[in-house]
Amino acid sequence: MTDGADENINDDRMNRQESPRETATRASYDAIAGLYTEWIADELTAKPHDRAVLGSFSELVLSTGQAEILEIGCGPGRITAFLAALGLSPTGLDLSPAMIAIAQSHYPTMDFTTGSMTSLPYPDDSFSGLVAWYSIIHVRDDDLTTVFAEAARVLRPGGLFQLAFQLGDRVDHQSEAAGHDVELDFHRRSIDSVLVSLHAHGFTPVTRLEREPDRAGRFPEATRQGYLLVRLGAGAQDI
Ligand SMILES: C[S@@+](CC[C@H](N)C(=O)[O-])C[C@H]1O[C@@H](n2cnc3c(N)ncnc32)[C@H](O)[C@@H]1O
């Protein structure tokens, strides 16, 4: 492909219009960014499985001698910061400017960018790892294939992609949160269905974990939780 063709593709991506669903999701998280940040602040301390999954991901990426990773849908940056503390060099991206403003003010030495995971503002082969931590839950099935195509584009061959999401097979809708009007869809999916979509973009499974909901904890869960680690391509040698 010529440089000119590459530029056209990049222009197309940058000029992409936000979908009505993305507009609603962005406005909703802008409205509740402060509340969400306060509520979720010390959630990881109550979630040993989450820390273990993020720890394994970090070790696997670092074992390749690389450290650049991207969190898509980073919200207030708490997971991005946790990954930085484990030795990675993370960047965070989120649809909500209010979330990104909070992330940047809490972690001023780290890089955060406003944008959509359906149209990532990074060149091909930019990262050795990618994390989507409870963020594809807001992406419609139709758009998920675009998100995974973008993930495959910005990851280096052999790169690792860690996802976490609530398990199920329905879409929940929320129109109010702590007195704020919101319009948020929550897509519950199975690990198998997400894997099918990832496989179409060249990802192969590394680790799949399902756990029962922690209904009585400080952060009560209504559904089973899924963690899925995939690799771009079949082997680790190219990362
Ligand atoms: C449940 S929060 C999770 C935030 C963070 N990963 C965490 O665990 O604290 C979901 C986040 O995904 C973001 N998000 C939803 N759709 C997005 C998209 N298309 N592109 C980028 N971010 C998106 C929202 O703005 C929100 O901050």
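Computed quantities for the displayed model
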item: Antiparallel DSSP beta bridges within the chain, percent to nearest 5; result: 50 percent
item: Local electrostatic count at residue 46 - Lys and Arg +1, Asp and Glu -1, tallied over other residues with Cβ under 11 Å; result: -2
item: Order by protection proxy (mean Cβ within 10 Å, highest first), peptides 166-179, 69-82; result: 69-82, 166-179
item: Helix-derived mean residue ellipticity, 222 nm - over the chain, DSSP H n ≥ 4, -39500 (n - 2.57), to 500; result: -11500 deg cm²/dmol
item: Mean separation of Cα contacts under 8 Å, 6 or more apart, over the residue count of the chain: relative contact order %; result: 18 percent
item: Whole-number Å³ per residue for the convex hull built on Cα positions in the chain; result: 125 Å³
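We did not get these values from a lab; they are worked out from the coordinates using the rules stated. Owing to the predicted nature of the structure, the values given are computational and were not obtained by experimental measurement. For neighbour counting, all protein chains shown are included, and Cβ atoms are generated from backbone atoms with ideal geometry for every residue, glycine included.
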